[in-house]
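Shown next, in structure tokens, is the structure this report addresses.
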Amino acid sequence: MKKNKKIIITALVILLIVFTASYFIIKSKTKKVSYDLYSVKPITIQKYVTTTGTANPINTINVGAQVSGIFSKLYVWYNSIVKKGQLLARIDPTPFIQKVDQDKANLASAEANVLKQKAILSYDRLTYIRDEKLWKENLIAHQTEQGAYSVYLQDVAQLKYLENAVSAAKAQLAQDETNLSYTKIYSPVNGIIINVGVVVGQTVASSFQTPNLFVIGENIKKMEIDTTTNEADLGGIKKGDKASFTVYAYPDKTIWGSVHNIRINPTTVSGVVSYNVTIFFNNKDEKVLPGMTAIVKIYVSEKKGVLGVPNSALRFIPAGENKQILNNITKKLKVGEGVVWVLKNGAPSPVIVKLGINNDEYTEVTSKYIKSGTKVITGMQSSYKGAAAPGRRMFF
């Protein structure tokens, strides 16, 4: 019995020793914390405004139909390269030709009526002249002479009326000939067909609104991006600022342009005021197509040779840091300042720095304690998984 008791006690002691050793081994491992360090050095920091926009030709022309009818022929399609004056499509001209032929017949009839009336006028004029002489010689009654004069005046008026009818017939003919010419739709510019809004056999009615049949990009070798920028970012943007962008089709290709115009017509959505900023760029290879979405950076300022740190260094604080220390640091901070952490005697130590120009990646810092080559902490690692929590992100 005593022997069994000794065995149990011995086993318990061994288990206690094993658990104690394991605890201290794990604890020693959890304390082996290492840090991601960044060596401060002079860099160039470009401050930019990030926005999105849509690529478009500088000039986009909507081509419509000025007359109604059935489209009988199409001579171009999407992506067709066109020249100014090139025939794009044709509306069935048959009813317009018939109208012109009818106008010509009406004009000929009106002109014939004028000739007939001129002959009548000439005859009645001679009659009036003769009756006037006979009346003066007392050979006819005055009433007869007055009747001849009245007929003559009526003939003059009728001739004027018929001549005006000729003018009206000519005007109608000219109008219908113009409408006939509108059945041929030509390109007003050199460019490329972006959109086609009609097919053969389709009827278009231009009575109330001119239908858009074609959209022509005047020149896609030179294009623009229409972006929307909120009023908070607009203050730093000016005409001529450099800009770069990528499109989803070519995410690895950076394309450069410049700010061309800042339109002063505001747009307000849900209380947010924004403005349109256009960016011109060369598209010589024609890879950027109209309508593509562009992710744009507009560079508003730049500093060269400044000491900069990654933004992660300004957001980092070691895990488990004393709250009183953190509160004291927070109280000392002024507007335009931040905190970076450096290793001092193997332990993180805070340094208050003055902040300068920044972008999404780096921020300029100034402090007598931060020089070129100073290593700042950007993150925290551990040699034992799960042994230490990552640092909290603060001070930015």
Of the residues in the stretch 46-84, those that are within 30 Å of Leu307 (Cβ to Cβ) and either in contact with a Gly (Cβ under 7 Å, 6 or more places away or on another chain) or not polar (S, T, N, Q) (or both) come to Lys47, Tyr48, Val49
Only one of (1) in a loop (DSSP other than H, G, I, E, B); (2) touching a residue at least 24 places away in the same chain (Cβ under 8 Å) is not met by Val166, so which one is it? (1)
Right, Leu107: touching a residue at least 60 places away in the same chain (Cβ under 8 Å), more than 30 Å from Val200 (Cβ to Cβ), among the hydrophobic types (A, V, I, L, M, F, W, C) and surrounded by 15 or more Cβ atoms within 10 Å (Cβ to Cβ) or not? yes
Just wondering, is there one or more residues in the stretch 59-71 that are at pLDDT below 95, closer than 30 Å to Lys242 by Cα and hydroxyl-bearing (Ser, Thr, Tyr)? yes
Of residues in the stretch 299-333 being of a type in the set (D, E, K, R) and at pLDDT 90 or above, the one surrounded by the fewest Cβ atoms within 10 Å (Cβ to Cβ): Lys304
For the structure I just gave you, tell me whether Tyr78 is of a type in the set (Phe, Trp, Tyr), over 30 Å from Thr203 (Cβ atoms) and surrounded by fewer than 18 Cβ atoms within 10 Å (Cβ to Cβ). no
If you scan the stretch 330-350, which residues turn out to be in contact with a strand residue (DSSP E or B) (Cβ under 7 Å, 6 or more places away or on another chain) and without any contact (Cβ under 8 Å) to a residue 24 or more places away in the chain? Lys332, Gly336, Glu337, Ser349
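Here's the yes/no breakdown for (1) without any contact (Cβ under 8 Å) to a residue 60 or more places away in the chain; (2) under 17 Å from the mean Cα position of the chain (by Cα):
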position	(1), (2)
Ile192	no, no
Gly201	no, no
Glu224	no, yes
Thr246	yes, yes
Thr254	yes, no
Val259	yes, yes
Asn265	yes, yes
Thr278	yes, yes
Residue satisfying all of: in the stretch 59-73; in a strand (DSSP E or B) and buried (at least 19 other Cβ atoms within 10 Å of the Cβ); nearest to the chain's Cα centre (by Cα) among these: Val63
Return the residues of the stretch 200-217 that are at pLDDT below 90 and surrounded by 13 or more Cβ atoms within 10 Å (Cβ to Cβ); say none if nothing qualifies. Val204, Ser206, Thr210, Pro211, Asn212
Residue under question is Ala171, and the condition is that it be farther than 23 Å from Ile91 by Cβ and either loosely packed, with under 15 Cβ neighbours inside 10 Å or modelled with pLDDT of 95 or more (or both); does it hold? no
Hey, can you tell me all the residues within the stretch 195-251 that are farther than 14 Å from Ile262 by Cα and of a type in the set (Asp, Glu)? Glu218
Selected residue [among the β-branched types (Val, Ile, Thr) and closer than 30 Å to Val82 by Cβ] from Thr178, Thr144, Thr229, Thr127: Thr178
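The values are calculated or read from the model by the stated rules, or taken from the named source; none is laboratory data. Computed from a predicted structure; not experimentally measured. Cβ coordinates were reconstructed from backbone atoms using ideal geometry, including for glycine residues, and neighbour counts include every protein chain displayed.
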